Amino acid sequence: MIELIIAVIILTVALGSLINISKQNLFYLGKSKKSIKTNTYISLIACIDSSKSPKKQKVYLSDLVNFKNDELRKDLKEQKIQTSFKTIPSKDTKLKNLNLNMDILQKTYTLNNKHSRNFYTFELKL
């Protein structure tokens, strides 16, 4: 009889541990999906935005991208992107007989004032 009680207790502890591990995995999976979605929105605006003028702007993704899918359109209406530019001082490099001048432009895209990513554009001049 004691063996049966011990076996039931061991099974209960094992099942409780498995349920707890499952909950943690689902939490990380949900967090991962949200992170992927955020990165996708920022990458989308970075691909569309080809301007090199250093100006700040705030725009909704729904103004730049037009999808026929209603769910996507509703989701894009809520996504506000703020763009800021920063010019990094140019760097001169000398390689043997060649002078290179590199101009660097840093674009920062911020999604809903929470998540931001930096993108860099390099221009090489001989």
Practice problem: Looking only at the range 89-112, decide whether some residue is of a type outside the set (A, V, I, L, M, F, W, C), surrounded by fewer than 11 Cβ atoms within 10 Å (Cβ to Cβ) and under 19 Å from Y60 (Cα atoms). | Solution: no
query = Taking the stated definitions as given, is L111 under 25 Å from T38 (Cβ atoms) and either of a type in the set (V, I, T) or in contact (Cβ under 8 Å) with a residue 60 or more places away in the chain (or both)?
reply = yes
Output for Cβ contacts, cut-off 6 Å, separation at least six or different chains, first residue more than 30 Å from E123 (Cβ to Cβ) and surrounded by 12 or more Cβ atoms within 10 Å (Cβ to Cβ) in the range 52-78, second at pLDDT 75 or above and among the β-branched types (V, I, T), reads none
On the given criteria, is T121 in contact (Cβ under 8 Å) with a residue 24 or more places away in the chain and hydroxyl-bearing (S, T, Y)? yes
message = Regarding the range 38-48, can at least one residue be identified that is farther than 17 Å from F122 by Cα, surrounded by 10 or more Cβ atoms within 10 Å (Cβ to Cβ), at pLDDT below 75 and among the aromatic types (F, W, Y)?
response = no
Considering every residue within the range 62-81, establish whether at least one is assigned to a strand (DSSP E or B), modelled with pLDDT of 80 or more and of a type outside the set (V, I, T). yes
Review point. Among the β-branched types (V, I, T) and in contact with a Lys or Arg (Cβ under 7 Å, 6 or more places away or on another chain) - does that describe any residue in the range 11-19?
Key: no
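The values are calculated or read from the model by the stated rules, or taken from the named source; none is laboratory data. Owing to the predicted nature of the structure, the values given are computational and were not obtained by experimental measurement. Note that each Cβ is placed from the backbone with ideal geometry, even for glycine, and that neighbours are counted across all protein chains shown.
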